[in-house]
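The values are calculated or read from the model by the stated rules, or taken from the named source; none is laboratory data. In this text, all values refer to a predicted model and were calculated from it rather than measured experimentally. Here Cβ is always computed from backbone atoms with ideal geometry, including for glycine, and neighbour counts include all displayed protein chains.
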Amino acid sequence: MKRTILSLMIASVSMMVFAQKKTSTSAIVAFDASTAIDDLPKAENKTSIAAIDLAKNTVQFEAAIKNFAFANPKIQEHFNQESWLNSDKFPKATFNGVITNPSAVNFKKDGTYNVSVDGELTIKGKTQKVTTPATIVVAGNTLKATAAFSIKLSDFGVEGQPISAGKVSGEPKISVSAELN
């Protein structure tokens with residue numbers, strides 16, 4: 001009897017802890033470095049991992065660099081080369097952040113909430129602080145989160161002739177969207 005009660009208590013606590021974290025393995029991270037000269041440097045990664053911890057108000061994303069798909073395979077090849085993102089040495093980009101205004105969202109009530117997220121983005125082994133507005137839509141047990149911001153490629157050690165020639169933006173737009181359960 002004591003074992004049954006103990007097992008039920010452990011299972012209940014585990015379910016409560018699990019319910020406090022929403023995750024996705026199909027979040028979308030889009031990269032848009034298009035310019036007036038070239039609109040091809042755009043890519044999407046539809047297999048990114050995302051998590052929001054409701055108790056800690058933390059936000060995390062992880063995107064495999066090789067999973068960014070470009071319309072032009074040559075651009076994708078350059079994107080992964082050592083001189084650009086060097087995906088063999090640095091296989092993923094990560095973001096770890098926190099919702100800075102947690103009172104702006106009620107995870108227990110359906111609705112659309114505008115929040116601010118501060119965190120650290122790591123690309124090519126270099127970490128930079130990022131602050132971005134984000135939207136969280138609560139619908140039952142599902143969260144939909146979106147955010148958009150720009151980065152400076154030079155902050156992450158990405159430079160080169162295509163940027164200086166104006167074919168690739170030195171400050172691409174990054175957008176993130178995820179449906180988390």
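Say whether the condition of being over 15 Å from residue 178 (Cα atoms), among the polar types (S, T, N, Q) and out of contact with any strand residue (DSSP E or B) (no Cβ under 6 Å at 6 or more places or on another chain) is met by at least one residue in the stretch 123-133. For the stretch 123-133, residues over 15 Å from residue 178 (Cα atoms), among the polar types (S, T, N, Q) and out of contact with any strand residue (DSSP E or B) (no Cβ under 6 Å at 6 or more places or on another chain): absent.
In the stretch 105-128 there is at least one residue that is within 19 Å of residue 64 (Cβ to Cβ) and either of a type in the set (A, V, I, L, M, F, W, C) or modelled with pLDDT under 95 (or both). Can you say whether residue 90 is at pLDDT 95 or above, in a strand (DSSP E or B), within 19 Å of the chain's Cα centre (by Cα) and closer than 23 Å to residue 128 by Cβ, as far as the supplied structure shows? For residue 90, the condition - at pLDDT 95 or above, in a strand (DSSP E or B), within 19 Å of the chain's Cα centre (by Cα) and closer than 23 Å to residue 128 by Cβ - is not met. Restricting the stretch 108-151 to residues that are more than 14 Å from the chain's Cα centre (by Cα) and basic (Lys, Arg), the residue that is nearest to residue 92 (Cα to Cα) is 124.
Of the residues making up the stretch 121-136, those that are surrounded by 12 or more Cβ atoms within 10 Å (Cβ to Cβ) and either over 29 Å from residue 111 (Cβ atoms) or touching a Leu at 6+ places or on another chain (Cβ under 7 Å) (or both) are 122, 123, 124, 126, 127, 128, 130, 136. Can you find a residue that is of a type in the set (Asp, Glu) and either part of a strand (DSSP E or B) or within 25 Å of residue 38 (Cβ to Cβ) (or both) anywhere in the stretch 106-113? The answer is no; no qualifying residue exists.
Within the stretch 10-35, the only residue that satisfies the criterion of being part of a loop (DSSP other than H, G, I, E, B), modelled with pLDDT of 95 or more and surrounded by fewer than 17 Cβ atoms within 10 Å (Cβ to Cβ) is 34.
Being under 18 Å from residue 174 (Cβ atoms), assigned to a strand (DSSP E or B) and β-branched (Val, Ile, Thr) is a description that applies to residue 132.
List the residue pairs whose Cβ atoms are under 7 Å apart, where the first residue sits in the stretch 105-118 and is loosely packed, with under 15 Cβ neighbours inside 10 Å, the second is outside any loop (DSSP other than H, G, I, E, B) and among the small types (Gly, Ala, Ser), and the two are 6 or more positions apart or on different chains. Between residues of the stretch 105-118 that are loosely packed, with under 15 Cβ neighbours inside 10 Å and residues that are outside any loop (DSSP other than H, G, I, E, B) and among the small types (Gly, Ala, Ser), the close pairs are 110/139; 114/104; 118/97. Scanning the stretch 25-53 for residues that are closer than 18 Å to residue 176 by Cβ, hydrophobic (A, V, I, L, M, F, W, C), without any contact (Cβ under 8 Å) to a residue 60 or more places away in the chain and in contact with a helix residue (DSSP H, G or I) (Cβ under 9 Å, 6 or more places away or on another chain) turns up just one, 43. Entry remark, the stretch 148-166: residues being part of a loop (DSSP other than H, G, I, E, B) and surrounded by fewer than 18 Cβ atoms within 10 Å (Cβ to Cβ) number 6 in total.
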